[in-house]
Structure formats: structure tokens, C-alpha cells
Amino acid sequence: MKTDVLIIGAGGAGLTAAIAAKEEDVDVVVLTKEYPTRSQTCMAQGGINAALGNVEEDSIEAHIQNTLKSAHGLANEETVRYMCSEAPATVAWLDSIGVCFSRSEDAKIAQRRLGGASAARSCYAQDYTGLKILHTLYDKALSLDIEIKNEKILLELLKDENDMVCGALMLDLRSGQKERYFAKSVILATGGYSRIYGKNSTNSTKATGDGIAVAKRAGAKLLHMEFVQFHPTGLKNSSILISESARGEGGYILNSKGERFTNELAPRDEVSRAIDAEIKKGEEIFLDIRHLGEQFIDEGLPQERKLAKLYENVDPVYDLIPIKPVAHYTMGGIEVDNNSQTNLEGLFACGECSNHRVHGANRLGGNSLLEIAVFGKEAGKNAAKRAKTMESHVAASPKDDFLEQEFTKEIDFYVLRQMMGDLLYNKVGIVRRESELREAEAFIEETKKKLPLMGAKDNSLRYNTDLAEFLEFRNMLDVAEVVIKSALSRKESVGAHTMEQE
Amino acid sequence: MKISIKREFDFIEYDVDMQDVTLLEMLNHIKSEVDSSLAYSSGCRSSVCGSCGVRVNEKEVLACSYKVQEGDKIEPLKNVPVIRDLVVSLDKAYETNARAKAWISEYNSQAKQTHEDEKINETQSDCILCASCYSACPVYAVNEEFLGPFALTRVWKVVSDKREAELKEKIDTIQTNGVWDCTLCNECTVVCPQGISSKADIEKLRAKSSQYGYMDPNFGSFGGGFDSGFGFDGTPSF
């Protein structure tokens, strides 16, 4: 199949890119391994930053400075400036396509203050900001008649003899058949890689870094992969996120002795490190919101009460909530320039899979939804412009088809996947030591070698999720390898990357 | 705990040593430890992505928010093609959103949304497209062309929104295989994990349609029908 702009991933970034490309009057095809409204974007609760000053005085300059500070010197000031300056127009655009934002008493978009922000800057839609933005982008994409194809798994990028990206090799999950898509420009919008930490992540089970792994195998440069944001309050067993508002509203963090040991209102990385240190001492950690009272909890934190009951069998009104810090957002990604173009000609990237150098060593809350909207648009526009300059399609065949090899199925990859998740959480997690990173590196290297001994036990062509998860596991191994190598090469502690002396 | 899952040809029983877990956790366990060929969909684990809708003992639930009970019978959603085991194709159901034109067509930039306006379609915009409502809908079961519960709820979301300037087009679009085909049985409301009542939204769209000169095509037929909007004594039934 041929199109002008091929977009892989249909979350907030992919759909924004698709809308922007389509508005440039080119043909667009969007491929997703799920359905367009099921991506990680739907889980974003906090909001989208824009210095509108609807609630209190604010300025674009303050937004820029807050973002740069949180990035610990690893952001690019020019792109940060661009993103923050575009924010008000971006929110206005989202409003114009119908996002049901919460409103203030004086009929403006409501804003609230998130950690690290000097003003109430985050525009929100109750606790469903990501969900409502994502669904509205989907509505808009439908109104433009954008072709979206569901349940297609990215296998490899296609490149011509000049190393130019000209399409993608996909696996149709429903038929089990491989399909080739040719395009004049390709955009990756495939999301982050928090799931390399297995069950120790707040993310959807699908956040397996596929696009990053595939891009790397095709020769794309990755940047700052060692930076992973850990959220201090994931539920202990399920890693389901208990939102920051639980601490913001006055919740305590306690150890097994019932002692508070950290300032609950400190930034996420600081609280996560404090909890990690207690856990390593053998303590169990709890979030305590009992003193806030049933009425307050039911009004302000209803989701939290429901999830704690469901997954931990505790009622936060009467019980302590067992928690641990878990992987939440990945700052690293495919390196792109100011046009969202990667180092591979013809390949663009946006969203969590890309690194536009706006988050640096630590992302500010409310900036991820902003990033997907601002740079999703840029990627879509620039990919469309490039497509217009191309006279014809180039055809190519995949160089290295992983699935063509023999898999002996001697080893159960589900066992290794779980081992990988726990190992990375313990050795490549919140606080890192060189010897432990080396240990993790050796495990990943060994496991990669053993891939031909694994494979899917299910031989079915039709909707083989066993095979799909095996392919995701392979991608996570490739991503984890880079995360560890990047962590090893950064000796100093900065932002979300903390190195401890042996 | 024993549960049975509808597989290719029949229900297969699984005896799993787990207590007090969500159905999704149990499916994950079965897949990674017992039978890796089991097919089902999942994503966020916290009821916002809409991936894991299934039926338990003939009632629609999200696997991630349902606690499994002894003897539960798990089946795929109804009224949509089964691809494999618990996985269904929602392509056709999703297409209803496009056919219903469930989007802002013309933005009224003068509209001032107040806090009260926000509340008008707050619940409708919580929809996660899990398709539980299509599975439960007896009209969609017999008429695939019926626009269906979530699409009509999403139309009401737009129609009730001050920012939409082109209401007539919205109303025109939902007359055929739309608001008048619903039997107001309320099954969609009962199964919605987000507390949305598509039935109530359809009733509001009917009232709006009347304002645009449309009438219930069933009205005037024998006895007025149960879905005419009026009771037997002629008083409005909603």
C-alpha cells in the first residue's frame, strides 16, 4: 500500500500529526497496534500546561524557566521556548475542536498548579484530561476522513539503497500476514518504554518502546535514554497510579513504624528516592490519607479510593495504602531536530518515543500533553511538506526479517520478561550503581542471545497475542540495552538519573 | 477458583489458585502460566482505555475492574464479530462515530463556556468506547446500520455544546437508523462502566429533533408504540 505520509501510532501525538499532515492536503495513513483511543495518552490526568493566566498571573517566560529548571540543563532552550510560546494557541486549538476542558466561574478554561510550576498553569478536564484530548483528536481525525488501520504491529522500517526511510513492514495481528506500506515520509509516534520495568510501571501494558527499538535497529540515534521518571505513589501490587493530588491534598507517606520520613510535597524524584532508601532498609511504605476524612476522599479522590479497594483490598478511608515508586514516564527517545526529523532521511518522530529536548533530565507535570500537541503538529506539517517535494515512491524490501528465523521454544519468554522487569527495577531504577548496571547489562546481553531459543508457543496466524508479546519483549530488550549503556556513561547524578558510589 | 472462558469452539474450564483478583489479573496469569494462546485485549488496567470489555455471566464488564467469582463464565462482547477467544472486531462499531458525524463541525468562537456548561456534557465526554453498550443493545443486534449508543451519546455531547454552531447538520444526520430506532430499553445505561446513559441522551436528541421539525416516524402507528415518547394516556413518558 502507498501513501504520502505514514504515521505509526495513534495516540495524542500520532493523531495530532495526522490532522496536521492532512490539513496540508496530502494522503495520510495511520497504523496502530491497538485502536486509536486506547493509547497511553488516555491515562494522563493532570493537565496540559499553557501560561494563560486564567486563574492567577503567569507568563510564558515563567513556563520556560520552570521547564528549564526541571530539565537540569539537558533541555534545548530554543525548543523549550518554542513549545511554551505555542502553548496558548495549542490549548485554544484543542478548545476549538471540542475538548471538554473544565471551566472557571468566569467562563475561562480552568487551571491548576502542578509540581514545579510557579503558577496555576495546567489546563484540565476533571481527572480525564488525556482521555478527553485523545477522544477529541480522534473525532477531529474522523471529520477529516483520515484513514486509520487498527491492530497492525510495526516490525521494521523499510529503507532504500541510499538509507532513506520509505515505509514500514507491519504484521497484521488479525490475519497474521506481513504487509508493506510505502510512504514519502514516515512518522513514528509509538510512545514510551516504561514497560521495560515490567509490572513496576504505571503505564499501559503496550508501552513497550516498539518504535524506539525499530528506529534504533534502522540506524536512528537515541538520546538521553537513561532518564526515566519514577512516580512515588504507585499501588504496591499493581503499580496503578495514585495521583499526585493525594499528596498535594495533605496525604502522608509512612514507613512500617508509622513514621513520616520525607517531605511529601517535594518533587517526584526526591520523594521517590526517599521511599527507595526506606524500602532498601526493609521498610514497607504506605500512603496515609485517613485524616482527610471520608467526605473529602469521596469528593476529591474517588478514583483513588476505588482503585485501592480493587487492587490492594484496602479502603483509604480506614486503612493505609501500600505503595512503591514505579516507572511513569520516559524522557529519552529518538533524537530529532527542530523539524521533528530524525537523523534518518524521511523519518520523523513525535510524542514520548521522540526526544525534542524539552524535558531534559526530568519532565515537568503537564508538559507531556503539551509536547504531543505542539510537536505532533510540527512533525505532521514537516512530514507533509517533505512528501510534497518527493516525486515518486521508492520501494524496498526489509533487510533483516526477525520472524524468518527458526525459534526453538525451549525457553519461556514470559519468565524472562518478568525477570527483566524486576531486575531493571532493582538495578536500573531510582538509584543506580555501576556494578549493578553491569549486572543488568550482562543479563540483557545474555537474554538477547537466547531469543532464538524462545519464540511464541502459539502457532496460530489469527490474532496471535503470544507472538505479539514476544515481539514486544524483543523490542524491550533492545531499548533496555540502550537505557543501561546510557546510564553507565553518565557518571554524575542529574535529574531522574541518580548514581550512588559503590 | 474455577472459571470458564469461551474459546474457539466451547467453554474451557480453568482452575486457578488466585483469590480476590480482577478478571484481567487472572487472564494475565492464565496466559503467562497456563496457556499462552489465550487471546484477549487489555491496556491501562484502570478503566480508561476501553480495551478489556468482555461479558461475565452474560453481563458486560471491564475485565480490569471486575473481581472474579467462583464459577464465572467469561465470553466476548456480543453483536460484534469475534476474532479469536475474547477478542472482537470493533471496526464496524467505531465506524458509527463517523457515520453519526460525532464531532464539532463549525466552531462558534463567540461561545463562552461556563462552569455550568462544562457540567452539561461532562459525563458524555467520559466515554471510553469500550463498546459494552453495543454488546447490550437489542437494536444494534438486529440492525448493524443503527448508529448505536456511544455514537449517539457523542452526538449529544456535541449538540449540547455551545461551541457547535451547526446544529441542523448534526440533527439531520441522526434521523435515519438513529434516535427513533432506539427502543429506550435502557440496557446501555445498565452496562456502561462510566455511568453514561445513552438512552437519556437519545431522548434529549429526540426532543432536539422535534425542535427542528422532525417527528417520531413510529408515531401514529398502532397504539403509538412504546417508544413514541408518550404513554398510553397521552402524557409524556419521560
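The values are calculated or read from the model by the stated rules, or taken from the named source; none is laboratory data. If you're wondering where the values come from, they're calculated on a predicted model, not measured in any experiment. All Cβ positions, glycine included, derive from the backbone under ideal geometry; neighbour counts span all protein chains shown. Accessible surface areas use protein heavy atoms only, side chains included; no ligands, DNA or RNA. Shrake-Rupley method; radii C 1.70, N 1.55, O 1.52, S 1.80 Å.
Brief remarks follow.
- Entirely in the range B:1-113, the strands (runs of 3 or more DSSP E) that have 2 or more residues that are within 10 Å of chain A (Cβ to nearest Cβ) and modelled with pLDDT of 95 or more: B:82-84
- A residue that is open to solvent by 10 Å² or more (accessible area, probe 1.4 Å) and free of Cβ contacts under 8 Å to residues at least 60 places away in the same chain occurs nowhere in the range B:146-154.
- Qualifying positions in the range A:215-256 - assigned to a loop (DSSP other than H, G, I, E, B), without any contact (Cβ under 8 Å) to a residue 60 or more places away in the chain and open to solvent by 10 Å² or more (accessible area, probe 1.4 Å): A:E249, A:G250, A:S256
- Taking the range A:89-117 as the range and being more than 20 Å from B:K119 (Cβ to Cβ) and more than 8 Å from every other protein chain (Cβ to nearest Cβ) as the test, the residues that pass are A:A89, A:T90, A:V91, A:A92, A:W93, A:R113, A:L114, A:G115, A:G116, A:A117.
- Inter-residue pairs, beta-carbon under 7 Å, first on the phi < 0 side of the Ramachandran plot and among the hydrophobic types (A, V, I, L, M, F, W, C) and in the range A:390-410, second surrounded by 10 or more Cβ atoms within 10 Å (Cβ to Cβ) and part of a loop (DSSP other than H, G, I, E, B), 6+ apart: A:V394/A:D160; A:V394/A:M164; A:A396/A:D160; A:F407/A:M454; A:F407/A:G455
Per-residue answers, yes or no, for (1) away from chain B (no Cβ under 14 Å); (2) surrounded by fewer than 20 Cβ atoms within 10 Å (Cβ to Cβ); (3) acidic (D, E); (4) touching a helix residue (DSSP H, G or I) at 6+ places or on another chain (Cβ under 8 Å):
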position	(1), (2), (3), (4)
A:L292	yes, yes, no, yes
A:D298	yes, yes, yes, yes
A:P302	no, yes, no, no
A:T330	yes, no, no, yes
A:I334	yes, no, no, yes
A:N338	yes, yes, no, yes
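- Residue pairs whose Cβ atoms lie under 6 Å apart, separated by 6 or more positions or on different chains, with the first residue in the range A:55-77 and of a type in the set (S, T, Y) and the second open to solvent by 30 Å² or more (accessible area, probe 1.4 Å) and not in a helix (DSSP H, G or I), are A:S70/A:G116.
- The condition of being more than 7 Å from chain A (Cβ to nearest Cβ) and open to solvent by less than 10 Å² (accessible area, probe 1.4 Å) does not hold for B:A136.
- The number of residues in the range B:70-83 that are exposed (fewer than 15 other Cβ atoms within 10 Å of the Cβ) and free of Cβ contacts under 8 Å to residues at least 24 places away in the same chain comes to 1.
- Test: residue in the range B:199-222 that is in a helix (DSSP H, G or I) and at pLDDT below 95: yes
- Search result, residues across the range A:333-374 that are among the β-branched types (V, I, T) and in contact with a Lys or Arg (Cβ under 8 Å, 6 or more places away or on another chain): A:I334, A:T342
- From A:Q303, A:Q295, residue being outside any strand (DSSP E or B) and under 23 Å from A:G366 (Cβ atoms): A:Q303
- Residues in the range A:266-281 that are assigned to a loop (DSSP other than H, G, I, E, B) and either without any contact (Cβ under 8 Å) to a residue 24 or more places away in the chain or among the basic types (K, R) (or both): 2 in all.
- Test: residue in the range B:188-198 that is within 14 Å of chain A (Cβ to nearest Cβ), open to solvent by 10 Å² or more (accessible area, probe 1.4 Å), at pLDDT 95 or above and in a helix (DSSP H, G or I): no
- For the range A:146-165, filtering for residues that are in a strand (DSSP E or B) and either small (G, A, S) or in contact with a Lys or Arg (Cβ under 6 Å, 6 or more places away or on another chain) (or both) leaves 2.
- Qualifying residue in the range A:45-59 (condition: touching a helix residue (DSSP H, G or I) at 6+ places or on another chain (Cβ under 9 Å), within 13 Å of chain B (Cβ to nearest Cβ) and within 28 Å of A:I146 (Cβ to Cβ)): yes
- Positions within the range A:409-424 being more than 14 Å from chain B (Cβ to nearest Cβ) and open to solvent by 70 Å² or more (accessible area, probe 1.4 Å), in sequence order: A:E410
- Residues that are more than 14 Å from every other protein chain (Cβ to nearest Cβ), in contact (Cβ under 8 Å) with a residue 24 or more places away in the chain and closer than 25 Å to A:N338 by Cβ do occur in the range A:121-134, at least one of them.
- Answer residue from the range A:85-98, given it is farther than 20 Å from A:A141 by Cβ and in contact (Cβ under 8 Å) with a residue 40 or more places away in the chain and is surrounded by the fewest Cβ atoms within 10 Å (Cβ to Cβ) among those: A:E86
- Cβ-Cβ under 6 Å pairs, at least 6 apart or on other chains, the range B:86-110 side on the phi > 0 side of the Ramachandran plot, far side not aromatic (F, W, Y): B:K101/B:T173
- Whenever a residue of the range A:5-32 is touching a residue at least 24 places away in the same chain (Cβ under 8 Å), its partners that are among the acidic types (D, E) and assigned to a helix (DSSP H, G or I), lying with C-beta atoms within less than 9 angstrom and at least six residues away or across chains, give the pairs A:I8/A:D210; A:G9/A:D210; A:G11/A:E352; A:A13/A:E352; A:A13/A:E371; A:A17/A:E378; A:A20/A:E378.
- Just so you know, in the range A:199-214 the residues that are among the small types (G, A, S) and within 11 Å of chain B (Cβ to nearest Cβ) include one that is surrounded by the most Cβ atoms within 10 Å (Cβ to Cβ), and it is A:A207.
- Flag for B:E166 being open to solvent by 30 Å² or more (accessible area, probe 1.4 Å), among the acidic types (D, E) and over 18 Å from B:R99 (Cβ atoms): no
- One residue alone among B:L129, B:L86, B:L90 is open to solvent by less than 20 Å² (accessible area, probe 1.4 Å) and more than 14 Å from the chain's Cα centre (by Cα), and that residue is B:L86.
- Those residues of the range A:420-455 which are in a loop (DSSP other than H, G, I, E, B) and over 26 Å from the mean Cα position of the chain (by Cα), in sequence order: A:K450, A:M454, A:G455
- Restricting attention to the range B:176-202, the residues that are free of Cβ contacts under 8 Å to residues at least 60 places away in the same chain and within 12 Å of B:V155 (Cα to Cα) total 2.
- In the range A:166-184, residue surrounded by the most Cβ atoms within 10 Å (Cβ to Cβ) [restricted to those that are part of a strand (DSSP E or B) and in contact with a helix residue (DSSP H, G or I) (Cβ under 9 Å, 6 or more places away or on another chain)]: A:A183
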